[in-house]
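Trainee: First the structure, then my questions, so here it is.
The values are calculated or read from the model by the stated rules, or taken from the named source; none is laboratory data. Since this is a predicted model, take the numbers as computed values, not measurements. Positions of Cβ are generated from backbone atoms using ideal geometry, with glycine treated the same way; all protein chains shown enter the neighbour counts. Each accessible area value is taken on the protein alone, full model and side chains, heavy atoms only, with ligands, DNA and RNA left out. Shrake-Rupley method; radii C 1.70, N 1.55, O 1.52, S 1.80 Å.
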Amino acid sequence: MTENEAIKEIRHEVCNEKGVSKRCHDRCMYRKEKCAYSMAIDALEEVLKYRELGTIEELKYLKDGKLSGRELAMIAVDVNKLKKYREIGTVEECREARERKRGKKPILCMNEVSGMFVDYTDGHGEYKTQMNNWWRCPCCNEVVGQRVIAHKHIHDQRKKKFCEKCGQAISWESDTP
């Protein structure tokens, strides 16, 4: 069990305030009155603060390098910042995410042939081919829109703002070739 889990459990336990067994109330938990549980929570929160500085072994190793306590504390703070940055992701991952947010123009693929089965009411069916004009994602080639040409008029439809496969933002501004 971690310190945070212990604090959570203690807050839901029964309090023995003034010798009477009852559930802890807000005044007790916010330290207006001291009971054993609120004192235990204080102690666990203090342990968590020290844990942020590093383990005893890590601090001894750094101290052997003849660093002062203040320098060690500054190093510990920097290590914690580094851990938070690592949780965000690498520089390359952040750049990729930023690039995906910038809208890219889709690629129009004209006259792609696809097949489909058509079932008729009399029970028979057949395989037909059809011509499609698709807008595709510039990164992963996933379909992000459809172009229909009917009676010499161009209709672009099913335009997606983002690619469902890779998350790339799609910019539809001046998309006619």
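Trainee: Each label point is 7 Å from the Cα along the Cα-to-Cβ direction; what then is the distance between the points at Lys104 and Asp156, in nm?
Mentor: Simple spin-label model gives 1.7 nm for this pair.
Trainee: Still on this structure: For the range 86-171, with all protein chains present and a 1.4 Å probe, just round the carbon and sulfur fraction of the accessible area to a whole percent.
Mentor: Carbon-and-sulfur percentage of accessible area, whole number: 51.
Trainee: If I stretch the segment between Tyr127 and Ala43 completely, what's the gain in nm (0.36 nm per residue apart, minus their alpha carbon distance), one decimal?
Mentor: Stretched out fully, the Tyr127 to Ala43 stretch lengthens by 22.9 nm.
Trainee: Please tell me which of these pairs span more than 28 angstrom C-alpha to C-alpha: Lys128/Lys159; Lys104/Lys128; Lys84/Lys104; Lys81/Lys101; Lys83/Lys104?
Mentor: Beyond 28 Å between Cα atoms: Lys104/Lys128; Lys84/Lys104; Lys83/Lys104.
Trainee: Something else now. Reachable aspartates and glutamates from Lys165, Cα under 13 Å, same-chain residues fewer than 8 places away excluded?
Mentor: Partners found: Glu142.
Trainee: Long-range amide H contacts for Lys104: which residues qualify at under 5 Å (H placed 1.01 Å from N, peptide plane, sequence gap of 5 or more or a different chain)?
Mentor: Sorted by chain and number, the residues that satisfy this are Ala169, Ile170, Ser171.
Trainee: Modelling each spin label as a point 7 Å along the Cα-to-Cβ direction, I'd like the Thr2/Glu58 distance in nm, to one decimal.
Mentor: Label-label distance for Thr2 and Glu58, simple model: 1.4 nm.
Trainee: Please report, in debye to the nearest 20, how large the charge dipole of the range 38-177 is about its Cα centre when each Lys and Arg carries +1 at its beta carbon and each Asp and Glu carries -1 there.
Mentor: Value, rounded to 20: 600 debye.
Trainee: Might you tell me the accessible area per residue for the range 70-177, computed with a 1.4 Å probe and given in Å²?
Mentor: Spelled out: the 1.4 Å probe surface of the range 70-177, per residue, equals 79 Å².
Trainee: A follow-up question, please. Extending each Cα 7 Å along its Cβ direction at Val148 and Asp78, get the distance between those two points in nm, one decimal.
Mentor: Placing both labels 7 Å along Cα→Cβ, they lie 6.3 nm apart.
Trainee: Let me ask another. Mind listing the phi-derived Karplus ³J(HN,Hα) values for the range 158-165, rounded to whole Hz, using 6.51, -1.76 and 1.60 with θ = phi - 60°, and x for any glycine or proline?
Mentor: 6, 6, 9, 7, 9, 6, 6, 8
Trainee: 5 Å is the cut-off here: which amide hydrogens, built 1.01 Å from N in the peptide plane, fall below it relative to Val144, excluding neighbours closer than 5 in sequence?
Mentor: Amide H neighbours of Val144, under 5 Å, 5+ apart: Trp135, Arg136, Cys137.
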